[in-house]
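Presented below is the structure to which this report refers.
What follows is calculated from the coordinates using simple rules that are stated; it is not laboratory data. Worth saying up front: this structure is predicted, and the values here are computed from it rather than measured. Neighbour counts are summed over all protein chains in view; Cβ atoms, including those assigned to glycine, are modelled from backbone coordinates with ideal geometry.
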């Protein structure tokens with residue numbers, strides 16, 4: 001894929017993610033909030049890396065194509081890993097109580113670590129490629 005395609009796809013999909021997330025947060029579903037949250041959660045949350053992909057592709061858009069390709073070679077395999085991990089964690093069914101709360105905290109920590117790795121590695125790759133192509 002080229003810069004323009006990645007920018008547009010991630011922008012549209014990332015925007016859709018943000019809109020659906022806001023719909024969930026602001027009780028768009030009304031009295032069906034529980035059902036809506038269960039259905040949307042399995043669809044929406046795995047695509048949470050897309051706004052970050054949009055921002056990073058926006059950063060590389062005005063740079064040389066080699067910089068974008070250096071970042072894209074990493075992002076095109078790591079983003080599906082984040083999506084898969086998020087989907088698998090969200091699809092697990094849990095009971096209630098303290099154990100479920102602790103497991104939920106650990107799950108968020110695990111997903112957070114993946115995001116931190118993605119963002120830091122992306123910025124390093126972009127910076128190194130930019131410096132080498134100057």
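Starting from one equal scatterer on each C-alpha and no solvent at all, send me the Debye-based log10 I(q)/I(0) for the chain at q = 0.16, 0.21 Å⁻¹, two decimals.
-0.87, -1.24
Under a plain spin-label model, where a point goes 7 Å from the Cα along Cα-to-Cβ, how far apart in nm are residue 29 and residue 59?
3.4 nm
Per-residue counts of other Cβ atoms within 10 Å, averaged by peptide: what ranking do you get for 42-49, 61-68, highest first?
Numbers: 42-49: 18.2, 61-68: 15.4.
The densest-packed peptide leads the list: 42-49, 61-68.
Please give the helix 33-44 orientation as an angle from the longest Cα principal axis of the chain, in degrees from 0 to 90, rounded to the nearest 10.
The angle comes out at about 30 degrees.
So what's the angle, to the nearest 10 degrees on a 0 to 90 scale, between helix 98-133 and the longest Cα principal axis of the chain?
Approximately 10 degrees, to the nearest ten.
Helix 3-25 versus the longest principal axis of the chain: what is the Cα-based angle in degrees, 0 to 90, to the nearest 10?
The two axes meet at around 20 degrees.
Given a Förster radius of 30 Å and the C-beta distance between residue 16 and residue 69 as r, what FRET efficiency does 1/(1 + (r/R0)^6) yield to the nearest 0.05?
Values: r = 26 Å, r/R0 = 0.87.
Working from the Cβ atoms, E equals 0.70.
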